[in-house]
Each structure stands twice: as C-alpha cells, then as structure tokens.
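Written below as structure tokens is the structure these notes are about.
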Amino acid sequence: MSGIMDKFSLEGKVAWITGASYGLGLAYAQAFAEAGAKIVFNDINRELVDKGRKEYKKLGIEVYSAVCDVTNEKQVNAFVADVTKKVGPIDILVNNAGIIKRIPMTEMTLEQWNAVITTDLTGPFICSKAVIPSMIKNGGGKIINACSMMSELGRETVSAYASAKGGLKMLTRNIASEYGRYNIQCNGIGPGYIATPQTEPLRTKGKDGSLHPFDRLIRSKTPAGRWGEPGDLAGLALFLASPASDFVNGQVIYADGGLLSYIGGDPGEITE
Ligand code: NAP
Ligand code: GCO
C-alpha cells in the first residue's frame, strides 16, 4: 500500500525549469532530481548554460540543457521538440526565467518596459503554450509560474516587473481554468525576498560597512527577520510539481517568511 510520501515522488517525470542555471531555478531542479525527475533546463546564453551544467555536475544531477530564449517562440518550440525526442514529453514546466529593471516609471523607456513584460509574462505564455498539447495527450501535467511579492504589492521603480508578475498570477488562474479539465494543474510559487544575484543590489552593504536601507526594510517587514534562501522554496516547489497537489489549481502559494501578513516593524531596530 503506497504511503503519503509516495505522493511527493517525481519518478519517471520530465521536469523543465526555465532559466535554471542558478538561483531559485537551480534549487527547484535539485529538489525535483532528488524526488526522481529527469531535469531539463535552458538559459538565455551559452555562458549561463555552461555555468549551470557545472553546478548540476557538482550536485551529481544529470541534465539535458540548451540555450533557449523564452521570449522566442521558434526557439522554445524547437527546444521542446528536441527534449521530447531525446528525453521524453515534458510533464512539469516551471516558468522560472525572469528579469527585473529597477527604474522610476516615468524614466523607463518603452523598450525597457517591453523587455520585462516580454520575459516575465509573455515568456511563460510561450512556454506553457508549447507544452500543454503534449500534457493533454499524456493525461495531464504541472505548470508552476514564478510569481512574486510584486504579484500582490507595488513599490517604487518596479512598475514593469510588478505588472508582469501580477499578470502572471492571472495567467496562472486562466491556465488552471482552461486546462484543469485535462488534469493539468497550474499554480504560482510566490517567493518572498530571497538572497539570489537578482536581489544582491538590495542587500549590498555600503563602503563604510553600513547596512543597505532596503535590507533593513525587508528584514523589518519579514516576521522571520531574514531574507529567504533558495532552499526555503524547494519543498513548496516539489509539492506543486508532485501528485500531492493534484487537487490544487489556480493558486499562488507564498513562501515569504510572513511578509505579506505583517504591517512591518521598525527598520531602525535592525542594526547588523
Ligand atoms: P533571476 O536572476 O531572476 O533569473 C533567472 C534566470 O533566468 C537567469 O539565469 C536569467 O539569465 C534567466 N533569463 C532571463 N531572461 C531569459 C530569457 N529571455 N530566456 C531564458 N532565460 C532567461 O533568478 P532568481 O532570483 O533565482 O529568480 C528566479 C525567478 O523567481 C524569476 O522569475 C524572479 O522574478 C522570481 N522571483 C525571485 C525572487 C527573489 O527574491 N530572488 C523573489 C520572487 C520571485 P540572466 O542572468 O542573464 O538574467
Ligand atoms: C525588488 C525585488 C523583488 C524580488 C521579488 C520579491 O526589487 O523589489 O527584486 O521584486 O525580486 O520579486 O518577491
């Protein structure tokens, strides 16, 4: 008789994590590999793919990887066809690839706005559209979209990113609505503020060793009192990728240390 832990197994599944050379995507891939999945990843250039391959090799994880720009539908369709031929049909897609541009909205160029929207919102549309037909044919699948605190909150300088991540929350709900009948579950994973290269500019200390004001702000607004680490998201990602979440659909689940629930403390109390 199978036990509850069998529901977290990904044995025999093919998992594609986009933009997974490092950071959160690498953490998701590591968790999925430990649960038995075959790992597939892409990144935007050869340097990042090679960097990622070295990381996976260090972790003892065999991967299929290639350069693929998630905003380029021709490249995505070719990538999916090659994966399907060489590894197998994709059972799990994590739309993880993303960019952010921190610029005051009135100073942001249309090109900069479009770059963020195209990567963070249109990219998940393109990649999801590429894998859903084979998921339907194979009896179902999992799509996990990289949402954000900015799927729920705004702040200065991130208008494009917040608009994309807010839209991604609704794309998540719409894919669930339109394809749930084919046993496809589409949910969002919502990291809080996580220590990755993407947030490094918000954590870097001053030349005098002083704390970055945003670092103090985030730690004062997070009940856990710390930035998250990529590993803090691994268990949630595995849950959303596994049969354990087969009746969860259209949800965005946050691993934010309590940030979204807390009005915030005094940043002045954060002194080290
Ligand atoms: P990240 O720096 O946001 O980037 C993820 C990867 O995607 C990078 O390797 C990036 O390459 C790649 N990428 C960018 N554009 C691409 C494209 N067009 N095609 C293919 N790959 C592309 O990494 P992260 O901080 O680990 O975040 C991963 C995801 O979680 C992102 O969607 C991010 O918005 C989201 N998120 C992050 C946090 C956080 O605090 N870190 C919190 C909530 C949500 P480059 O290095 O060249 O950009
Ligand atoms: C920012 C940060 C955030 C994080 C993340 C929070 O500039 O506010 O980059 O956007 O990346 O999305 O969940």
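The values are calculated or read from the model by the stated rules, or taken from the named source; none is laboratory data. From a predicted model like this one, the values you see are computed outputs, not experimental measurements. For neighbour counting, all protein chains shown are included, and Cβ atoms are generated from backbone atoms with ideal geometry for every residue, glycine included. Side chains included, ligands, DNA and RNA excluded: accessible areas come from the protein's heavy atoms. Shrake-Rupley method; radii C 1.70, N 1.55, O 1.52, S 1.80 Å.
Things worth noting here:
- Table column - 3J(HN,Hα) (Hz), segment 72-83, Karplus curve with 6.51, -1.76, 1.60, x for Gly and Pro: 10, 4, 5, 5, 5, 5, 5, 4, 5, 5, 5, 4
- Remark on Ile99: its backbone amide H falls under 5 Å from those of Asp120, a criterion applied only to residues 5 or more positions apart or on other chains, H modelled at 1.01 Å from N.
- P(r) for segment 1-109, from all Cα pairs and a bin width of 5 Å, is 2, 12, 21, 21, 17, 10, 7, 5, 3, 1, 0, 0, 0 %, short bins first.
- Percentage relative contact order, segment 40-108, counting C-alpha pairs under 8 Å, at least six apart: 28 percent
- Euclidean distance between Cα centres, segment 42-107 to segment 211-252, Å: 22 Å
- Amide H partners (placed H, <5 Å) of Leu10, local residues excluded: Gly36, Ala37
- Here the dipole of the chain is about 440 debye; that uses its Cα centre as origin and unit charges on the Cβ of Lys and Arg (positive) and Asp and Glu (negative).
- Debye intensity ratio I(q)/I(0), log10, segment 114-213, q values 0.17 Å⁻¹ (C-alpha model): -0.80
- Placing Glu107, Glu200, Glu47, Glu55 in order of accessible area, with the largest value first and a 1.4 Å probe, yields Glu47, Glu107, Glu200, Glu55.
- Close amide H contacts of Ala255 (hydrogens built in the peptide plane, cut-off under 5 Å, sequence separation of 5 or more or a different chain): Gly190, Gly192.
- For segment 1-69, the relative contact order is 32 percent, taking Cα pairs closer than 8 Å that sit 6 or more residues apart in sequence and dividing their mean separation by the residue count.
- What the phi angles of segment 9-24 give under the Karplus curve with 6.51, -1.76 and 1.60, with θ = phi - 60°, is a coupling list of 7, 10, 3, x, 8, 9, 10, 10, 10, 7, x, 9, 6, 7, x, 5 Hz, glycine and proline written as x.
- Computed Kirkwood radius, in angstrom, where 1/r is averaged over Cα pairs of the chain: 19.1 Å
- Listed pairs Lys54/Lys129; Lys13/Lys54; Lys129/Lys169; Lys165/Lys207; Lys169/Lys207 exceeding 28 Å between Cα atoms: Lys54/Lys129; Lys165/Lys207; Lys169/Lys207
- Taking every alpha-carbon pair under 8 Å whose residues sit at least 6 apart, the chain reaches a relative contact order of 19 percent.
- Backbone HN-Hα couplings from phi across segment 175-186 [Karplus 6.51/-1.76/1.60, Hz, Gly and Pro as x]: 5, 4, 5, 7, 10, x, 5, 9, 6, 9, 9, 10
- Those chymotrypsin sites (Phe, Trp or Tyr not before Pro) in segment 215-258 that DSSP places in a loop and that have at most 16 other beta carbons within 10 Å: Phe247
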